[in-house]
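Computed from the coordinates by the stated procedures, all read-outs in this text should not be read as laboratory data. Keep in mind it's a predicted model, so treat the numbers as computed, not measured. A quick note on method: Cβ atoms are made from the backbone with ideal geometry, for glycine too, and the neighbour counts reach across all protein chains shown.
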Amino acid sequence: MSEMDVWISKFRTEREFDGIKEGTIKKDIDRLKVFLDYSFNRLNKAPDELRTADFVKYFNYLENERKNTRSTQNRYFNLLKVFYRLMRIPNFNDFADESRERKRFNGYEVQHYDPIYPDHLNEILLKIVESKSRTKFRDVVMIRLLWDTGCRVSEVLKLKYEDCDLSEGSFKLKNTKTKEERVVVCSKDTLYVLNNYLEYNIKKGSKDHVFQNLSGEMVGKAWISKIFRNAVNELKKDGKLPQNKKLVVHSLRHGRAVDLLDKGTPIDIVKEYLGHKSLETTLFYSHSQERKNKMLKNIQKIL
């Protein structure tokens, strides 16, 4: 086993002990490999030998040679904080403190997508309905439920019959990103189409997934992202969606947050409903440019 593999193995062991999901661990290890490769092969040093000047060189490397965006560099920064903490090595602390003082990473936030609004959502749903896909009915129901609940895609895809109250339209989410169960609800209209869809499912046991592929297994996350993206791209070509709007499946969650806040739902309630670990995440939506623009228009009307 190489020195690099030894560090990766130690990191994996610690992350597994913390109960981090396998998918997250793999993403972290992919980034960690970039760092370790630079450390061993460019600096000829092990991670416990690096000092502040070395970390400065590394982040310059990410920007100038790898052409990573600031948001991506921020992910590397956060990863290294975790890595050095788990390895119980203090080397990164001075660099982290200095970076905060220089505001190099602290508080850096980039909006990667726009929220979706009801009129645009209806256009997307209609476009999917008009497609020739054999699963268009299921896909529309999934998107409707994502919009109503504000769930992460994985949370809806993992729903099983035992998690659903199909008479009241409430759903218990388990194994969430924050590791805390929560309950979400949907509208009566969405509940009606959901129950219609369920009549055609292949498997209907309590442990079976609500949204199934043609083999009765859980729908893959990539599929719903692809369907949504294709509909958005076609609508942009048709001039029915603005070209400058970046709309992805996660825009449904973003849109739900903004919609609830616009309707006067207390921010702490929105935080709990969406399953945000920190109030700061919810505050990001409350301070979004879209809400500011709406408020300006409302102020203009009463002037």
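Details
- For Ser170, residues with placed amide H under 5 Å, excluding near neighbours: Asp165
- Cut-off 14 Å between beta-carbons: net charge of the residues surrounding Leu191, Lys and Arg +1, Asp and Glu -1: -3
- By the count of neighbouring beta-carbon atoms within 10 Å, fewest first, Asp54, Asp97 end up ordered Asp97, Asp54.
- Placing +1 on each Lys and Arg Cβ and -1 on each Asp and Glu Cβ, with no other charges, gives the chain a dipole about its Cα centre of roughly 640 debye.
- Estimated from helical segments only, the mean residue ellipticity of the chain at 222 nm is -18500 deg cm²/dmol, where each DSSP H run of four or more residues counts as -39500 (n - 2.57).
- In summary, the convex hull built on the alpha carbon positions of the range 3-101 has an orientation-averaged projected area of 6.1 nm².
- Estimated vicinal HN-Hα couplings, Hz - the range 194-199 in sequence order (Karplus 6.51, -1.76, 1.60; Gly, Pro = x): 5, 5, 5, 4, 4, 4
- Taken over the alpha carbons of the chain as equal point scatterers, the Debye sum produces base-10 log I(q)/I(0) values at 0.08, 0.11 Å⁻¹ of -0.47, -0.85.
- Between the range 210-273 and the range 78-153, the Cα center-to-center distance that results, in Å: 11
- In order along the range 240-250, phi translates into HN-Hα couplings of 9, 10, x, 5, 8, 8, 9, 10, 10, 4, 5 Hz, rounded to whole numbers, per the Karplus curve 6.51 cos²θ - 1.76 cosθ + 1.60 with θ = phi - 60° and x for Gly and Pro.
- Contour minus Cα-Cα distance for Ala222 and Lys263 (0.36 nm per residue): 11.6 nm
- The label point for Glu101 and the one for Tyr117, both projected 7 Å from the Cα toward the Cβ, are 4.6 nm apart.
- Across the range 153-161, computed HN-Hα scalar couplings (Karplus, 6.51 cos²θ - 1.76 cosθ + 1.60, θ = phi - 60°) run 4, 4, 5, 6, 5, 7, 4, 10, 3 Hz from first to last residue, x flagging Gly and Pro.
- Cβ crowding within 10 Å ranks Asp18, Asp139 as Asp18, Asp139, fewest other Cβ atoms first.
- The relative contact order of the chain comes to 16 percent, based on Cα pairs under 8 Å that sit 6 or more residues apart.
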